[in-house]
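Scroll down for the structure; my scribbles are underneath it.
Nothing in this text is a laboratory measurement; each read-out follows from the coordinates by a stated rule. Computed from a predicted model, the values in this text were never measured in an experiment. Cβ sites come from the backbone with ideal geometry, for glycine too, and all protein chains shown count toward neighbours.
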Amino acid sequence: MNYVSTRGAWCDRPQPFRAILLEGLAPDGGLAVPERYPAFAAAELDALASAHYRDVAFAVLSRFIGDIPAGDLRALIGRAYTADKFGGEAIVSLRELEPGLALLRVSNGPTLAFKDIALQLLGELFEYVLAQEGRRLTILGATSGDTGSSAEVAMRGRKGIDVFMLSPRGRMSPFQQAQMFSLDDANIHNLAVEGTFDDCQDIVKAIAGDAAFKRRYAIGAVNSINWARIAAQVVYYVHGWLAARRSPGGPIDVAVPTGNFGNILAAHVAKRMGVPLRRLVLATNENDVLDEFFRTGRYRPRAAAETRATSSPSMDISKASNFERYVHDIVGRDPAVLRELWSRLAREGGFDLAGTDAWSAVEASGFVSGMSTHADRIATIREVAARYGVVVDPHTADGIGVGREHRDAEVPLVCVETALPAKFAATIREALGRDPARPAAFDGLESRPQHRTVIANDADVVRAYVAAHARPAD
């Protein structure tokens, strides 16, 4: 399996997995995508029905990773997905709320968020490849709340890796901030940017687009612009389908709260690989750029001033990076068409696909969408707790709320749990009048010493900080 860019780079010389693992953005500013989606035959999927999560992971990831020996890949997967890290042997599990409605619990990792699934694996992959090639890596990332802590915990203390994580100052929950800022490892650098997540993401892309600087400091990515993260998340959609289906080959619907579009993109990829996912229910919060697109065909990212701070802060995003990969698919994987759309986006602030062949492809891809407000989240948290005895975090509540709007009694609906409620105590207190339970390891987290540097919303300032603190690749 080799890779090309959404915007056309590498088409004449597709890149192997190990190259795009460390690359981040492609040289043309696009995102790495596989030349084709590897397919599962129905019998191959059925054979995984009783397999452990690690075996499902190998079955999926070996289709995307052709340049790491099978034995080594199994060992990396084994180290990433342990009972100690994920609170039990199951790694992920399905919790039935009522017949035909279930939670896919993917948030039991070391930072209590679904992003641990991909980032624990990414830490193993990075260290393996860097050691084999005698290289260093400077990770430059942006977080709206969960990626930062998941990445930092996965990378802390690893040889040959420095991490510079940008976050929007004051726009994460106290728990999320403390998870990141309480780390004092020498290779971890937290930068609190005076801006929004979209500003942080723009800075990361600007620096990653500086070819000389990128080469000098070996800049790589842990955000979901890194294809390995998407591939790792495909695994739990295969696992979830196997657990929730009513019969061999039977379809399910999935409801996914989304901000940067990576989580639901993995569901889309799983569907393209042959997994019987019927409808992909996309849930946004009040930052409803993606809901607007899937309802109308119009894609219009908001400016930073229009991006609202909400009680599901990890979704406070108006420029979803992974949306480019999806659009690449719906325009027939034609990089010229993709480039023209993104040129129009830069010139005019958006584009409209309604009435085009691409819109027909959108309608055929299985996506439906909806938006959830703060009041909706509170009501959903209360109802789920009262009816099922389960406390969900506000992002998962967005997914459940919108998912039920599109629920079909004939097809099981699986709602993806994206974080544990301990990370969002203020919202849980408002909804239920009590604090959420938290694992003992996190007692007193917010009172621990915190280490972070407040920094201007300026790519040149961040570039200078990285240059002053990172070790050059050579």
query: Normalized C-alpha radius of gyration of the stretch 44-92, against 2.2 N^0.38 Å?
result: 1.17
- prompt: From the backbone phi of the stretch 45-50, what are the Karplus-calculated ³J(HN,Hα) couplings (6.51 cos²θ - 1.76 cosθ + 1.60, θ = phi - 60°) in whole Hz, Gly and Pro given as x?
  reply: 5, 4, 5, 8, 4, 10
- request: Convert 37 °C to kelvin, take the viscosity as 0.692 mPa s, use the Kirkwood radius over C-alpha pairs of the stretch 104-221 as Rh, and evaluate the Stokes-Einstein diffusion coefficient in µm²/s, rounded to a whole number.
  value: 225 µm²/s
- request: Treating only the Cβ atoms of Lys and Arg (+1) and Asp and Glu (-1) as charged, compute the dipole magnitude of the chain about its Cα centre; round to the nearest 20 debye.
  value: 480 debye
field: Share, in percent, of DSSP beta bridges within the chain that are antiparallel, nearest 5
entry: 25 percent
- request: Return the Cα extents of the stretch 159-311 along principal axes one, two and three, sorted largest first, each rounded to a whole Å.
  value: 51, 39, 34
- prompt: Each residue of the stretch 453-464 in turn: what ³J(HN,Hα) in whole Hz from Karplus with 6.51, -1.76, 1.60 and θ = phi - 60°, glycine and Pro shown as x?
  reply: 10, 6, 9, 5, 7, 8, 4, 5, 5, 5, 4, 5
- line: With +1 at each Lys and Arg Cβ and -1 at each Asp and Glu Cβ, the charge dipole magnitude of the stretch 366-466 around its Cα centre, to the nearest 20 debye, comes out at 300 debye
query: If each residue's Cβ is checked for other Cβ atoms within 10 Å, how do Trp241, Trp359, Trp10 rank with the fewest at the top?
result: Trp359, Trp10, Trp241
query: By its C-alpha gyration tensor, with a ≥ b ≥ c as the square roots of the eigenvalues, how is the stretch 394-463 shaped: rounded for a/c under 1.5, else prolate for a/b larger than b/c, else oblate?
result: oblate
- prompt: Going by average Cβ neighbours within 10 Å, how do the peptides 451-461, 329-339 rank, with the highest at the top?
  reply: 329-339, 451-461
- request: Tell me which residues come under 5 Å, amide H to amide H, from Leu101 once H is placed; ignore anything under 5 positions away on its chain.
  value: Leu413
- line: Computed curve, the stretch 226-360, Cα-only Debye sum without solvent term, log₁₀ I(q)/I(0) at 0.13 Å⁻¹, is -0.60
message: If you consider only alpha-carbon coordinates, what radius of gyration and Dmax does the stretch 326-399 have, in Å?
response: 18.5, 52
task: About the Cα centre of the stretch 214-327, how large is the charge dipole given +1 on each Lys and Arg Cβ and -1 on each Asp and Glu Cβ? Please answer in debye to the nearest 20.
output: 460 debye
- prompt: Taking the C-alpha atoms of the stretch 214-278, how large are the radius of gyration and the largest Cα-Cα span, Dmax, in Å?
  reply: 14.6, 54
- request: Have a look at Leu61, Met172, Ser144 and report the one farthest towards the positive end of the charge dipole of the chain, computed about the Cα centre with Cβ charges (Lys/Arg +1, Asp/Glu -1).
  value: Leu61
message: Bins of 10 Å, beginning at zero and ending with the bin holding the largest distance: percent of Cα pairs per bin for the stretch 379-427, please.
response: 27, 55, 15, 2
- line: Over all pairs of different Cα atoms in the stretch 330-449, the reciprocal of the mean inverse distance gives a Kirkwood radius in Å of 17.7 Å
message: At q = 0.06, 0.09, 0.10 Å⁻¹, what log₁₀ I(q)/I(0) does the chain have when each alpha carbon counts as one equal point scatterer in the Debye sum?
response: -0.23, -0.54, -0.68
